[in-house]
Amino acid sequence: MTYHPDRNPNNPDAEERFKELTEAYAILADGEKRSLYDRFGHAGLGGGGGATAGFDPAIFQDFGDIFGDFFGFGDIFGGGGRRRSRTQRGADLREDLNLEFDEAVFGTEKEVKVRRHEACDVCQGTGAAPGKAPVTCRSCNGRGQVRYQQGFFSIARTCPTCQGSGSVITDPCPKCKGEGRLLRERTVEAKVPAGVEDGTRIRFAGLGEAGAFGGPAGDLYVVLHVKEHPFFEREGNDLYCVVPISFPQAALGTEIMIPTLEGDHRLKIPEGTQSGTSFRIRSKGVPVLNGHGKGDLFVEVRVQTPGKLSKRQRELLAELGPLTPVENKPQRRSLLGRVKDMFA
């Protein structure tokens, strides 16, 4: 690569050095020549430039592939190239969409504004004026490649005039100026299924950028951002919340109304319920995305101690205290990190 003639135009020293390198490769690529060289040096190859004198382009097929990868020549040491297609697939697009918590749970339909390139309605994406068509490129005669001679090398490159397509537009479309596409803003109706989460990506096939010169369109990806709920916390398809109860309710038992995403639910609190107890309400969670069923709602109750007491409350609690002794011994701390305390 360092001494390749294309990188060193009009440099005879580099050309001579490159010939030496190719000669060395010819020897190494041929087991018989390599054996003769190891035993007798250049003399074993017929003297001096024996390897060069016996130059065979077929020996360099792999070598040419190596240079084709590095330099983008497509063809070296003979052979033919492949014409590139003018049509190209359009780029994918991304749009962000904000949702309320309930919209993510139950699904919704939203309008998304998208700026994208669309096929020109005059030339139908060809880039040529109406009634006209691309013509064969004169630089490469429709092959998509042009060939250069560098010493004893024949190098094929992508045609710089037609960019490898083999044809050029001589009469461009007056509306799109030969681009075949126009930038427009469209409103896309995005149907959001029930049960999506924050960060969910929805793919809308074929709603991205139009392809160049009639190529297929890319896709549109809508990324969802879901707002937090005032007191529900979501984990997968399950919901969690914390509800305060009084000491008499926990001790004597009661029934309380619990809000759910589908309305209030009556929850029975048995007597003797301890603070931190969690109750499971089945099928009151989030619908399974593209599936069946729902998650559950977990309600943790916490006994709330009043901060201010009236005189009568103090008297009653003073009478109750000796009747409800508690052994004040340390206990292991429970793990409640999964729930969000709405009263913190």
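Here are some notes:
- The strands (runs of 3 or more DSSP E) located wholly in region 33-151 that include 2 or more residues which are surrounded by 15 or more Cβ atoms within 10 Å (Cβ to Cβ) and modelled with pLDDT of 90 or more occupy 93-99, 108-119.
- When residues of region 215-254 are limited to those that are polar (S, T, N, Q) and outside any strand (DSSP E or B), the one farthest from residue 302 (Cα to Cα): 237
- If the condition is being at pLDDT 95 or above and among the small types (Gly, Ala, Ser), then region 259-279 contributes only 278.
- Region 255-298, residues that are at positive phi and not in a loop (DSSP other than H, G, I, E, B): 263
- Between 318, 250, the distinction of being over 30 Å from residue 105 (Cα atoms), without any contact (Cβ under 8 Å) to a residue 40 or more places away in the chain, out of contact with any Cys (no Cβ under 6 Å at 6 or more places or on another chain) and not assigned by TED's automatic domain parsing to the domain that holds residue 104 belongs to 318 only.
- Some residue of region 169-185 being charged (D, E, K, R), assigned to a strand (DSSP E or B) and surrounded by fewer than 14 Cβ atoms within 10 Å (Cβ to Cβ): yes
- If you go through region 215-241 and keep only what is surrounded by fewer than 17 Cβ atoms within 10 Å (Cβ to Cβ) and small (Gly, Ala, Ser), you end up with just 236.
The values are calculated or read from the model by the stated rules, or taken from the named source; none is laboratory data. Treat the numbers as computed from the prediction; the structure is a model and nothing was measured. Counting neighbours? That spans all protein chains shown, and the Cβs are built from the backbone with ideal geometry, glycine included.
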